[in-house]
Amino acid sequence: MAIDFTLSPAQQALQQQARTFARDVLSKVKDTIAVYPRPEDRFFATRPFYAAMAEAGFVHALVPTAYGGGGMSTVDFALAAEELAAVDINVPSTLLATGLGLEPILGFGNDAQKRQWLGEILARPGERLAAFAFTEVTGGANFDNPDPSAGVQTHARRDGDHWVINGQKHYTTNGCGWDGKGAHLLSVVCRTDLTRPPQESLAVIVVPGTAPGVEVTGYLDTVGHRAVVSPRIHFNDVRVPVSHLLGAPGDGMKICQHAFSWTAALIGAACTGVMRAAFDIAFEFAKNDRRSGAVPVIEHQNVGYMLADIRMRLEAARYLSWKACHQLDLTERRSDELAIMTKIYASELCVQVVYDAMRLVGVDSYTDLTPLAGLMQDALCFPLYDGGNMGVRRRQLHTRFRAPGYDPMASAEGRG
Ligand SMILES: Cc1cc2nc3c(=O)[nH]c(=O)nc-3n(C[C@H](O)[C@H](O)[C@H](O)COP(=O)(O)OP(=O)(O)OC[C@H]3O[C@@H](n4cnc5c(N)ncnc54)[C@H](O)[C@@H]3O)c2cc1C
C-alpha cells in the first residue's frame, strides 16, 4: 500500500473530540492548580478533570476490546495526545501514567490477571489510578546493570504462596492515588533474588495500593508538570499472592522496555502539542505586536525565519511520532526503535522550539505576561523523564548499534 497520512473520518472525529475537550475542559486546569503551593494538592485538584477525561472515554481507550475497553490504537492515541498536550500537560500525563502502570499487565499478564486488574480499573475509570513504580530512590539509570549488587534493590522475597516486598521508590506518578494513600494498583519493578543479575531476577509484581505496608512518605515538587504527582513510596513487608507476578523472574527487562516504548512514542506526540502551543503564542505575538516599531514584528525577516524553523520542526516531530506509533501497532510493540528515537528527538526539539519562541517574543516571555515560561518548565521534563534521554540513548540505541548485524534500515522499512 502506498504511503498515506490521510486521517480516516473516525480519526478526524477523534482529533476534533480531543481538541474540543482540551479547549472546554483542560483549559481550566492552569488556573485551578495555581492557588495550591503543595504539589500533592495541585494533583488532587485535577481529580474532576481526570474524571471528565475518563467520562470522555480516554481510560477505556487504554484497554483492548477483549477486556471491555475501547482498544484505541497507538496512532489514535497520538492524535489525541497532541490535542490534549497543546492545552494542558498535567491531566494527560496522569492518564499516560495509568497507561504506563497497565502496560506490564497488557503485555505480560495472563488472561486471568488481565481480566481482574483491567476490569477493576474499568469498573471505576475516573477514580482508580494505576502506577508504574520503577525508579528507585537511589536512581533508575542502571536498572539493567548485570552486576547483582547494582541496579534495582527493591526485593521480592518468596514466602510460601506470597511475595514479600521491601524497597523505596520515588517519582511513582499516580502512586499515591486520589486519597494520598495509594493508587488502585502499582506495577512494582523489583528483583526476586538480589544475588542474581537483573536478566534473571528483575520482575514486575502487581501490588494493590491498599496492601498493608504500602506507604506514601512524601512528594517531590517539580519545576514543570506542576500537577503531575511525584510521590515517594515505601514498600514495607508488603505481602501479595504469588499470582501477582507478571511473567517470570527475569522478564522485568522486557517488561520495562515494552512499557516505556509505548510512552516514548506518545511523548513524541505530546511534545508536538507543546511545540504547537509555543508556535501559536509566538505567531499571534508576531502578527499583532509592533514593540513600538513601525510594523508588526512578523514583517522582520529574522522573525519570519524563526517561525519557519518552529513550524518545520513541529511538523517533523508529528510525522515521526505517527510513524513510530504505527510501527508499534503493526508489530505488537516488537519494533520499538522509532519510538525510542521519537522520544529523544521530539523532547529535545521541544525544548529548542519553546526557547526559540521565547527568543522571538523577547523579554515578556520570561514573565507571566505569556504562557511561554510555563511551557518551558513543562518542556524541560520531556528529555529527563521516561528513562531519561541519556539513559535511553545508551541502553536502547547504543546497545543496538553495537550488536552484530544491526540493520539501520529495518525499522524504517517496517522489518524490525
Ligand atoms: C514528571 C515525572 C514523571 C515520572 N514518572 C515516573 C513513573 O511514573 N515511574 C517511575 O518509576 N519513574 C518516573 N519518573 C522518573 C523517570 O522515569 C526517570 O527518567 C528515570 O527514573 C531515569 O532517570 P535518570 O535517567 O535521570 O536516572 P538516574 O539514575 O537518576 O541517573 C542520572 C544521570 O546519571 C548519569 N548516569 C547514571 N548511570 C549512568 C551510566 N551507567 N552511564 C552513563 N551515565 C550514567 C546520566 O547522566 C543520568 O542522566 C518520572 C520523572 C518525572 C520528572
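The values are calculated or read from the model by the stated rules, or taken from the named source; none is laboratory data. Everything quoted here is computed from the prediction, not taken from an experiment. Here the Cβ is made from the backbone with ideal geometry for all residues, glycine too, and neighbour counts use every protein chain on show.
Can you confirm whether the range 310-325 contains a residue that is outside the structural domain of residue 61 (by TED's automatic domain parsing), hydroxyl-bearing (Ser, Thr, Tyr) and in contact with a Lys or Arg (Cβ under 8 Å, 6 or more places away or on another chain)? Break it down into steps so the answer makes sense when it comes.
In the first step, residues of the range 310-325 are kept if they are outside the structural domain of residue 61 (by TED's automatic domain parsing); the result is 310-325.
Those still in the list that are hydroxyl-bearing (Ser, Thr, Tyr) too: 319, 321.
Next, from what is left, pick out any that are in contact with a Lys or Arg (Cβ under 8 Å, 6 or more places away or on another chain): none.
Looking through the range 310-325, none of the residues is outside the structural domain of residue 61 (by TED's automatic domain parsing), hydroxyl-bearing (Ser, Thr, Tyr) and in contact with a Lys or Arg (Cβ under 8 Å, 6 or more places away or on another chain).
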Filtered residue count, the range 338-383, keeping only those that are near the ligand (Cβ under 9 Å from one of its atoms) and surrounded by fewer than 16 Cβ atoms within 10 Å (Cβ to Cβ): 0
Close pairs (7 angstrom Cβ cut-off, 6 or more residues apart or separate chains): part of a strand (DSSP E or B) and within 10 Å of the ligand (Cβ to nearest atom) in the range 222-234, at pLDDT 95 or above and of a type in the set (Lys, Arg) anywhere: 233/169
All positions within the range 146-196 that are of a type in the set (Ser, Thr, Tyr) and either touching a helix residue (DSSP H, G or I) at 6+ places or on another chain (Cβ under 7 Å) or within 16 Å of the ligand (Cβ to nearest atom) (or both): 149, 154, 171, 172, 173, 187, 192
Residue within the range 385-394 that is free of Cβ contacts under 8 Å to residues at least 60 places away in the same chain and either more than 14 Å from the ligand (Cβ to nearest atom) or over 21 Å from the mean Cα position of the chain (by Cα) (or both) present: no
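From the list 143, 132, which one is outside any loop (DSSP other than H, G, I, E, B), surrounded by 17 or more Cβ atoms within 10 Å (Cβ to Cβ), within 14 Å of the ligand (Cβ to nearest atom) and of a type outside the set (Ser, Thr, Tyr)? Reasoning before the result, please.
On the way: 143 fails: outside any loop (DSSP other than H, G, I, E, B).
Exactly one residue qualifies, and that residue is 132.
Which is under 18 Å from residue 175 (Cα atoms) and either buried (at least 24 other Cβ atoms within 10 Å of the Cβ) or not β-branched (Val, Ile, Thr) (or both), of 7, 106, 95? Walk me through it before giving the result.
On the way: 7 fails: under 18 Å from residue 175 (Cα atoms); 106 fails: under 18 Å from residue 175 (Cα atoms).
The match here is 95.
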Residue among 155, 162 that is surrounded by fewer than 23 Cβ atoms within 10 Å (Cβ to Cβ), in contact with a Pro (Cβ under 8 Å, 6 or more places away or on another chain) and within 12 Å of residue 205 (Cα to Cα): 162
Pairs, first at negative phi in the range 145-157, second assigned to a loop (DSSP other than H, G, I, E, B) and of a type in the set (Lys, Arg), C-beta under 7 Å, six or more apart: 148/196
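So, in the range 28-44, of the ones that are in a helix (DSSP H, G or I) and either more than 20 Å from the chain's Cα centre (by Cα) or of a type in the set (Phe, Trp, Tyr) (or both), which residue ends up farthest from residue 220 (Cα to Cα)?
Initially, the range 28-44 is screened for residues in a helix (DSSP H, G or I), giving 28-34, 39-44.
Cutting the leftovers down to either more than 20 Å from the chain's Cα centre (by Cα) or of a type in the set (Phe, Trp, Tyr) (or both) gives us 28, 31-34, 41, 43-44.
Values: 28: 24, 31: 21, 32: 20, 33: 16, 34: 17, 41: 12, 43: 12, 44: 14 Å.
Filtering the range 28-44 for residues that are in a helix (DSSP H, G or I) and either more than 20 Å from the chain's Cα centre (by Cα) or of a type in the set (Phe, Trp, Tyr) (or both), the one farthest from residue 220 (Cα to Cα) comes out as 28.
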Pair list, Cβ < 6 Å and 6+ apart or interchain, from the range 95-123 residues that are within 15 Å of residue 209 (Cβ to Cβ) to residues that are within 12 Å of the ligand (Cβ to nearest atom) and of a type outside the set (A, V, I, L, M, F, W, C): 97/173; 97/174; 101/187
Close pairs from the range 306-334: first surrounded by fewer than 20 Cβ atoms within 10 Å (Cβ to Cβ), partner modelled with pLDDT of 95 or more and among the hydroxyl-bearing types (Ser, Thr, Tyr), Cβ under 8 Å, at least 6 apart: 326/74; 329/73; 329/74
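Condition check: near the ligand (Cβ under 10 Å from one of its atoms), part of a helix (DSSP H, G or I) and either more than 11 Å from the chain's Cα centre (by Cα) or assigned by TED's automatic domain parsing to the domain that holds residue 45 (or both). Does residue 97 satisfy that?
Details: near the ligand (Cβ under 10 Å from one of its atoms): yes; part of a helix (DSSP H, G or I): yes; either more than 11 Å from the chain's Cα centre (by Cα) or assigned by TED's automatic domain parsing to the domain that holds residue 45 (or both): yes.
In short, yes.
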Near pairs, Cβ below 6 angstrom, 6+ apart or cross-chain, from the range 163-185 (outside the structural domain of residue 45 (by TED's automatic domain parsing)) to any residue that is within 14 Å of the ligand (Cβ to nearest atom) and basic (Lys, Arg): 170/232
Residue list for the range 100-129, filter: of a type in the set (D, E, K, R) and in a loop (DSSP other than H, G, I, E, B): 124, 127, 128
